[in-house]
């Protein structure tokens, strides 16, 4: 028997060689893909082992920071309350000091104006009226002076906001 090779036999042989090479190539590709998945799984496991405790620590740190912020908030509220208390105390002392001074200034001015008016006009009632008006004007001026300089005096009772006196007794 002669060795006769037909074209079909060559085609079959080429196809067999191609399929064997394709199978070996696919086997190698799948083997490499399996290695990649194995390394990826190890990376995920390592990340879980390393990152999850860090996340837990960060969560604890955030909780502690929030607790400290609450304490700071409480301290700042206390500081604001203390400042308000000091402000009220300073205002009370300022009012307690400025009111008697305001009345004394009004009294002295009233006495000066009344005495000057009595010397000039020799009329007791006119001198009393002049003294009262001068006292009210001077108290009002005193309050305005304090307010301009940052004091906290209130307007004198009976003083009209538009009243303005010169603060000097009438000329003799």
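Any read-out appearing in this document is the output of simple, stated calculations on the displayed coordinates, not a laboratory observation. Computed from a predicted structure; not experimentally measured. Every residue, glycine among them, receives a Cβ derived from its backbone with ideal geometry; neighbour counts consider all protein chains shown.
Can you give the Kirkwood hydrodynamic radius for the chain, in Å, rounded to one decimal and based on Cα pairs?
That comes to 26.2 Å for the chain.
I need to check one value: relative contact order of the chain, counting alpha carbon pairs closer than 8 Å and at least 6 residues apart, in percent.
On the way: 101 pairs, mean separation 28.9, N = 172.
Here the relative contact order equals 17 percent.
If the elastic network links every pair of Cα atoms under 10 Å, which of 128, 108, 17 fluctuates the most in the Gaussian network model of the chain?
17
Could you check which residue among 116, 79, 41 shows the biggest mean-square fluctuation in a GNM of the chain with a 10 Å Cα cutoff?
Result: 41 has the largest fluctuation of those listed.
Could you list 9, 141 so that the one with the fewest beta carbons within 10 Å of its beta carbon is first and the one with the most is last?
9, 141
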